[in-house]
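Q: Submitted below is the structure of interest, expressed as structure tokens.
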Amino acid sequence: MKRVKIIGTGSYVPEKVLTNFDIEKIVDTSDEWIRTRTGMSERHIASDRDKASDLAIKAANRALKDSGIAPDEIDLILVATATPDMFFPSTACFVQSSIGAGRSASFDISAACSGYIYALSVAENYIKSDKYNTVLLIASEVFSKYIDWGDRNTCVLFGDGAAATILRGFKGSRMDGIISTHIYSDGRYANLLYLRGGGSSCPPTHESINHKLHFLKMKGNSLFKIAIKNMSEVAREALSSNGYKISDVDILIPHQANKRIIDAVAENLKIPQEKIFINIEKYGNTSAATIPLALDEALKEGRIKKGDLILMVAFGGGLTWGSALIRW
Ligand code: ACO
């Protein structure tokens, strides 16, 4: 059986930093509330000109450099994003032409904050089926453009960023690479997190703009409990279906939506804090990009060694959630 390995990573966040103290000047909130309720201190914000593809291209070029492969070796480009450049062409097509990836297939994946794990699963299965062998997967989000900067319930939570992963198939006796991916959804809860304006259920009109329907809407409190339950369950399933215990995990990389969600998942799983990679304080919730951004940072900081068992768990709008278990 062919196995799938990550051969390069790279990430990019915009230069502009927005601190909790900066947000105090925009809405009725405080650094203390944001830090204690979410674990966030600052986030990066794209410039007016920057599109999802601009961030994605920078992250992709860094991952290409890290992997040492040439762009024309890429067979497939996947961009996980809920904030694409436009409805079509896909953001992946803009990346493809910019990096010079020959005639690779390119498409976007929409699974909100679970987009990276969904795309990892798609890439894994394309490679295992022998259809493609080298996949560039990028998660890129510019949620700052879809946030109501007058709504303190949401504007404090999100940051912009992109992170890329290059995957390649290999055969042989080595047991490293992706062990499993599991992805799920439950559309009954679509009303807990959505962005309706501009879609075919709500084409843009003066009225839709006046009603702020082109901004993200979230019932954070209801999502909170489901996120903890689903992330804990999917983490346990990733381990049990492969014959591992929680004590076998060297590093847990969870979706970074709220530090309190991560702490509750850790408590459920009985995994020590030092095995969890958390960078939410610097970036906020970058949606699909949180997990690959954390992976890239953990690698660059030397937190991941050869042979380590990495567990990733995601949760997002849809609802969607999933896991990936990887032997480094
Ligand atoms: N500053 C000060 N007060 C605030 C702020 C703020 N920024 N935001 C909300 N409050 C107030 C509320 O108005 C409320 O006041 P009230 O009691 O007078 O009505 C109070 O704080 C408590 O509000 P809650 O919504 O209950 O606060 P909670 O502790 O649940 O935290 C949060 C809110 C951070 C959104 C949390 O619920 C959360 O993280 N939810 C999960 C988010 C998530 O996982 N999303 C999915 C992934 S994202 C994706 O897929 C794109």
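The values are calculated or read from the model by the stated rules, or taken from the named source; none is laboratory data. Worth saying up front: this structure is predicted, and the values here are computed from it rather than measured. Counting neighbours? That spans all protein chains shown, and the Cβs are built from the backbone with ideal geometry, glycine included. To get the accessible areas, we keep the full protein, side chains included, count just its heavy atoms, and leave off ligands, DNA and RNA. Shrake-Rupley method; radii C 1.70, N 1.55, O 1.52, S 1.80 Å.
Q: Go through region 277-328 residue by residue and tally those that are more than 16 Å from the ligand (Cβ to nearest atom), aliphatic (A, V, I, L, M) and over 12 Å from residue 118 (Cβ atoms).
A: Qualifying residue count, region 277-328: 9.
Q: In region 37-49, how many are of a type outside the set (Ser, Thr, Tyr) and open to solvent by less than 30 Å² (accessible area, probe 1.4 Å)?
A: First, the residues of region 37-49 that are of a type outside the set (Ser, Thr, Tyr): 37, 39-40, 42-46, 48-49.
Of the ones still in play, those that are also open to solvent by less than 30 Å² (accessible area, probe 1.4 Å) are 39-40, 43-46.
Qualifying residue count, region 37-49: 6.
The rows are residues; the columns are (1) more than 30 Å from residue 135 (Cα to Cα); (2) of a type in the set (A, V, I, L, M, F, W, C).
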residue	(1), (2)
203	yes, no
208	yes, no
228	yes, yes
257	no, yes
262	no, yes
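Q: Please state which one of 49, 62 is basic (Lys, Arg), more than 21 Å from the chain's Cα centre (by Cα) and away from the ligand (no atom under 16 Å from the Cβ).
A: So the residue among 49, 62 that is basic (Lys, Arg), more than 21 Å from the chain's Cα centre (by Cα) and away from the ligand (no atom under 16 Å from the Cβ) is 49.
Q: At least 3 residues that are of a type outside the set (Ser, Thr, Tyr) in each: list the strands (runs of 3 or more DSSP E) lying fully within region 1-104 that qualify. Spell out the reasoning first.
A: Working: elements: 3-12, 17-19, 42-44, 76-80.
Ranges flagged: 3-12, 42-44, 76-80.
Q: Could you list, ordered by first residue, the pairs with Cβ atoms under 7 Å in which the first is in region 39-52 and without any contact (Cβ under 8 Å) to a residue 40 or more places away in the chain and the second is not small (Gly, Ala, Ser), at least 6 apart or interchain?
A: Qualifying pairs under 7 Å: 47/14; 47/16.
The rows are residues; the columns are (1) over 25 Å from residue 128 (Cα atoms); (2) outside the structural domain of residue 256 (by TED's automatic domain parsing); (3) touching a helix residue (DSSP H, G or I) at 6+ places or on another chain (Cβ under 7 Å).
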residue	(1), (2), (3)
19	yes, yes, no
24	yes, yes, yes
29	yes, yes, yes
43	yes, yes, yes
54	yes, yes, no
79	no, yes, yes
89	yes, yes, no
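Q: So if I check each of 322, 318, which one is buried (at least 21 other Cβ atoms within 10 Å of the Cβ) and touching a Gly at 6+ places or on another chain (Cβ under 7 Å)? Don't jump to the end; show me each part of the working.
A: Numbers: 322 fails: touching a Gly at 6+ places or on another chain (Cβ under 7 Å).
Matching residue, one of 322, 318: 318.
Q: Answer yes or no: is there a residue in region 117-125 that is of a type in the set (Ser, Thr, Tyr), under 24 Å from residue 151 (Cα atoms), within 16 Å of the ligand (Cβ to nearest atom) and not assigned by TED's automatic domain parsing to the domain that holds residue 221.
A: From region 117-125, those of a type in the set (Ser, Thr, Tyr) are 118, 121; that's our starting set.
Now narrow it down to the ones that are under 24 Å from residue 151 (Cα atoms): none.
No, that holds for no residue.
Q: Right, next: Within region 205-222, how many residues are exposed (fewer than 15 other Cβ atoms within 10 Å of the Cβ) and either in a strand (DSSP E or B) or among the aliphatic types (A, V, I, L, M) (or both)?
A: Within region 205-222, the first condition is being exposed (fewer than 15 other Cβ atoms within 10 Å of the Cβ), and the residues that meet it are 205-207, 209-212, 219, 221-222.
Okay, now just the ones that are also either in a strand (DSSP E or B) or among the aliphatic types (A, V, I, L, M) (or both), so 209.
Residues in region 205-222 being exposed (fewer than 15 other Cβ atoms within 10 Å of the Cβ) and either in a strand (DSSP E or B) or among the aliphatic types (A, V, I, L, M) (or both): 1 in total.
Q: Failed condition for residue 268, given (1) open to solvent by less than 50 Å² (accessible area, probe 1.4 Å); (2) within 16 Å of the ligand (Cβ to nearest atom); (3) farther than 19 Å from residue 148 by Cα; (4) not charged (D, E, K, R), with all others met?
A: Residue 268 satisfies all of (1) open to solvent by less than 50 Å² (accessible area, probe 1.4 Å); (2) within 16 Å of the ligand (Cβ to nearest atom); (3) farther than 19 Å from residue 148 by Cα; (4) not charged (D, E, K, R) except (1).
Q: Here is a further query. Confirm whether residue 84 is more than 20 Å from the chain's Cα centre (by Cα) and open to solvent by 10 Å² or more (accessible area, probe 1.4 Å). If you could, list the steps in order and put the result at the bottom.
A: On the way: more than 20 Å from the chain's Cα centre (by Cα): no; open to solvent by 10 Å² or more (accessible area, probe 1.4 Å): yes.
For residue 84, the condition - more than 20 Å from the chain's Cα centre (by Cα) and open to solvent by 10 Å² or more (accessible area, probe 1.4 Å) - is not met.
Q: Go through region 65-81 and count every residue that is buried (at least 19 other Cβ atoms within 10 Å of the Cβ) and either over 15 Å from residue 166 (Cα atoms) or over 22 Å from the mean Cα position of the chain (by Cα) (or both).
A: Final tally of qualifying residues: 1.
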